[in-house]
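Reading through the structure tokens given below for one structure.
The values are calculated or read from the model by the stated rules, or taken from the named source; none is laboratory data. Source: prediction; values computed, not measured. A quick note on method: Cβ atoms are made from the backbone with ideal geometry, for glycine too, and the neighbour counts reach across all protein chains shown. Calculation scope for accessible area: heavy atoms of the full protein, side chains included, ligands and nucleic acids excluded. Shrake-Rupley method; radii C 1.70, N 1.55, O 1.52, S 1.80 Å.
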Amino acid sequence: MRIRIIGTGVMGRGIAQWAATAGHTVELADARQESVGEAITFVRGMLDRAVSKGRTSAEEAEAIAARLLPVDSPGKPGDDVDLVVEAIREDLDTKAALFTELESALPARTVFATNTSSLPVTQIAARLGDPSRLCGLHFFNPVPLMKIVEVIPGARTRPDIVGTLTALVRDTGHRAVVVADTPGFLINHAGRGLVTEALALLEEQVAEPAELDRIARDVLGLKMGPFELMDLTGLDVTATVIDSIWHGFRYSDRLRPSFLTPNRVAAGLHGRKTGRGWFDHAEGAAPPEEAPVTGDPKRPVWTPGADVRAALADAGATVEDGEAPSADAVVLVPTWGTTVASRVAEDGLPATRTVGVDPMSLAASRRVLAVTPATDPAVARDARAALALGEHSVSVVRDSAGSPAQRLVSSIVSVAASIAERGIASPSDIDVAVTTGLGYPVGPLAWGDRIGAAELLTLQRNLHSTTGDPRYRPTRWLTERAQLGLPLTERGTSPSDVIESGKDTH
């Protein structure tokens, strides 16, 4: 296949290397002609590095480089061009103008693909005389390593083009997921579940960014915490994506942005690229330190939770067995989408001595302790010391509806379930795309199945009723599957299945 790649920035260079490595002839074009040579030099450098590390042979690297051909104009005629992949700046008018020029220069059989990450594919295609020939083909940086590509048909894209591009991607060893032309497509949309909820937790002063990151890594198993991730990506980029997806879905509460980001963006606190974001990235700056554990680990602890009692006893804590706590005991209550304060009120527990623990954290390397405004600080220190037994780290957070880990995972699963129920992508593609593109330890729907649909529904109903915030309203996808005993990863029967089955049998 002969592929013309237009745009020689970081993404265009990566796509060129990907296509040439797969054996395709690659034309490179750019409005700035000298950047084409720079791009080819860059790709050659990447290939030389691969040779030095033993990832490819010198002969193969030379063969790949030989398939990279400079073209003196993006709109140069070419009867043998099979596919154009555009990777220029994110501007609807600029992209549409380019494809309009290409439409008059290239044969009707040439397929057009846009690497847009945020613009509607249908709106770009609508400017063409033949909108059926254009499709979205969204790569992720760095292209050779991020082995996932979103194939996004517009409203009038020919079905055969979707099949052609999907096969092309799969033949190169990348995974292709077909995604509806919706705001954020799949991976950027799914990623909002983590960062929007993390910002909501920070708004409520449940914990500081470093503490929330520790919980995300150590309790949920994420490679990076949400604030680390925002600093790496750039808060300016993250805020733009959050806002555009929220606007695109007509102000969905589940995707609601935070009031915290606009001023930080205006102040230039974008993250690593500006030297400071949520954290200080100046040379020599040390990461935030975790407070040492103090307090008496042997102070008696009373808990109504059997799992909490067993975990503490196994670690050597002093656990009371009575039906009520003694006068000096720390009262440790597990919460699931509810608050410690509500347990104090409902069960008549001593407010100064009652703290909460996240049951999700009991089996993790980090346990999460929640304190209320009434908690005696000495009690909290002793509770932290008891939870730290057995070489556990312990994060102390402000009492809220659900722990940070519960709220983060609930949001991640809810956003993915919303994507599934809208038919934006299939359940299997959602999980594959998120694990590959975002690096989560498990796909969000499979994550929900690990917790259990019924347990997760209880969590979300508790969050919704406790806060009254529609952000936490359970999705239909989760509610139906919990009621029917189906896994979240199963699409299930739809009306179209019944109709198509009827056509097959009559």
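Filtered by the rule that a residue be aliphatic (A, V, I, L, M), closer than 25 Å to S244 by Cα and either open to solvent by 20 Å² or more (accessible area, probe 1.4 Å) or in contact with a Ser or Thr (Cβ under 8 Å, 6 or more places away or on another chain) (or both), segment 119-169 gives L119, V121, I124, A125, A126, L128, L134, L137, M146, I148, V151, A155. Collect the residues in segment 400-421 that are farther than 15 Å from M360 by Cα, of a type outside the set (G, A, S) and crowded, with 24+ Cβ neighbours inside 10 Å, keeping them in residue-number order. Within segment 400-421, I412, V413, V415, I419 meet the criteria. P427 passes every criterion in (1) closer than 21 Å to A198 by Cα; (2) touching a helix residue (DSSP H, G or I) at 6+ places or on another chain (Cβ under 8 Å); (3) surrounded by 13 or more Cβ atoms within 10 Å (Cβ to Cβ) apart from (1). For segment 256-272, the set of residues classified as among the small types (G, A, S) and free of Cβ contacts under 8 Å to residues at least 24 places away in the same chain consists of A266, A267, G268, listed by residue number.
Within segment 52-70, restricting attention to residues that are of a type outside the set (D, E, K, R), over 33 Å from the mean Cα position of the chain (by Cα) and more than 18 Å from G14 (Cβ to Cβ), which residue is most open to solvent (accessible area, probe 1.4 Å)? Filtering first and then ranking leaves S52.
In this structure, V331 qualifies as among the β-branched types (V, I, T) and without any contact (Cβ under 8 Å) to a residue 40 or more places away in the chain. Residues of segment 7-16 that are crowded, with 24+ Cβ neighbours inside 10 Å and not small (G, A, S): T8, R13, I15. Segment 222-280 holds helices (runs of 4 or more DSSP H) entirely within its bounds, and those carrying 3 or more residues that are more than 15 Å from A198 (Cα to Cα) and not acidic (D, E) map to 235-248, 261-266. What do you reckon, is D328 more than 22 Å from E211 (Cα to Cα), of a type outside the set (S, T, Y) and open to solvent by 40 Å² or more (accessible area, probe 1.4 Å)? Criteria met by D328. In segment 21-42, how many are surrounded by fewer than 24 Cβ atoms within 10 Å (Cβ to Cβ), within 18 Å of G173 (Cβ to Cβ) and not polar (S, T, N, Q)? The qualifying residues number 3. Before we move on, is G75 in contact with a helix residue (DSSP H, G or I) (Cβ under 9 Å, 6 or more places away or on another chain), buried (at least 22 other Cβ atoms within 10 Å of the Cβ), within 22 Å of K95 (Cβ to Cβ) and touching a residue at least 24 places away in the same chain (Cβ under 8 Å)? The answer is no for G75.
Which numbered condition trips up S494, out of (1) surrounded by 14 or more Cβ atoms within 10 Å (Cβ to Cβ); (2) closer than 29 Å to A176 by Cβ; (3) not acidic (D, E)? So the condition that S494 fails would be (1). Among what's in segment 85-105 and is of a type in the set (V, I, T) and touching a helix residue (DSSP H, G or I) at 6+ places or on another chain (Cβ under 7 Å), pick the residue that is farthest from S244 (Cα to Cα). Within segment 85-105, the match that is farthest from S244 (Cα to Cα) is V85. None of D213, D218, D243 is within 20 Å of S361 (Cα to Cα) and open to solvent by 30 Å² or more (accessible area, probe 1.4 Å) except D218. Taking segment 280-310 as the range and being hydrophobic (A, V, I, L, M, F, W, C) and surrounded by 12 or more Cβ atoms within 10 Å (Cβ to Cβ) as the test, the residues that pass are V293, V301, W302, V308, A310. Taking residues in segment 285-308 that are under 21 Å from A378 (Cα atoms) and without any contact (Cβ under 8 Å) to a residue 40 or more places away in the chain, and partners anywhere that are acidic (D, E) and open to solvent by less than 70 Å² (accessible area, probe 1.4 Å), the pairs with Cβ atoms closer than 8 Å and at least 6 places apart or on different chains are P300/E320; W302/E320. With respect to the numbered conditions (1) open to solvent by less than 30 Å² (accessible area, probe 1.4 Å); (2) in contact with a Leu (Cβ under 8 Å, 6 or more places away or on another chain), which one is the sole condition not fulfilled by L47? So the condition that L47 fails would be (2).
Does segment 177-208 hold any residues that are surrounded by fewer than 24 Cβ atoms within 10 Å (Cβ to Cβ), without any contact (Cβ under 8 Å) to a residue 60 or more places away in the chain and among the hydrophobic types (A, V, I, L, M, F, W, C), and which are they? Matches in segment 177-208: L202 only.
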